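Visitor: I have a structure I would like to understand better, so I am pasting it below and will then ask my questions one at a time.
The values are calculated or read from the model by the stated rules, or taken from the named source; none is laboratory data. None of the values given here were measured: they were computed from a predicted structure. Glycine gets a Cβ as well: all are built from the backbone with ideal geometry, and neighbour counts include every protein chain shown.
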C-alpha cells in the first residue's frame with residue numbers, strides 16, 4: 001500500500017502566531033485600504049452616474 005503523507009495543523013498555534021503579529025496585520029489592512037480609497041477617490045474618474053427618486057404615497061388621504 002502507498003504511504004499517505006499527512007500534515008497536521010495546530011489551530012491554536014496558528015492563532016497564537018497571528019495574535020503575535022496582530023499589530024502588523026492591522027497596520028497593513030489600514031494602509032492598503034487607505035491607499036485603495038485614495039486611489040479610487042482622487043485618481044479614477046467616474047464613468048457612470050445614477051440618480052434615484054422615491055415617491056411616498058399616503059394611503060390614508062383621499063384623492
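Visitor: Considering the range 8-29 alone, what residues qualify as being outside any helix (DSSP H, G or I) and exposed (fewer than 10 other Cβ atoms within 10 Å of the Cβ)?
Guide: If the condition is that a residue be outside any helix (DSSP H, G or I) and exposed (fewer than 10 other Cβ atoms within 10 Å of the Cβ), then 8, 9, 10 are the ones that fit.
Visitor: Taking the conditions exactly as written (surrounded by 10 or more Cβ atoms within 10 Å (Cβ to Cβ) and free of Cβ contacts under 8 Å to residues at least 40 places away in the same chain), does residue 32 satisfy them or not?
Guide: Yes; evaluated as a whole, the condition is true for this residue.
Visitor: Could you identify the single residue in 52, 41 that is more than 24 Å from the chain's Cα centre (by Cα) and modelled with pLDDT of 90 or more?
Guide: Result of the check over 52, 41: 52.
Visitor: Let me ask something else about it. Just checking, does the range 40-49 include any residue being surrounded by 10 or more Cβ atoms within 10 Å (Cβ to Cβ) and assigned to a helix (DSSP H, G or I)?
Guide: Within the range 40-49, one or more residues are surrounded by 10 or more Cβ atoms within 10 Å (Cβ to Cβ) and assigned to a helix (DSSP H, G or I).
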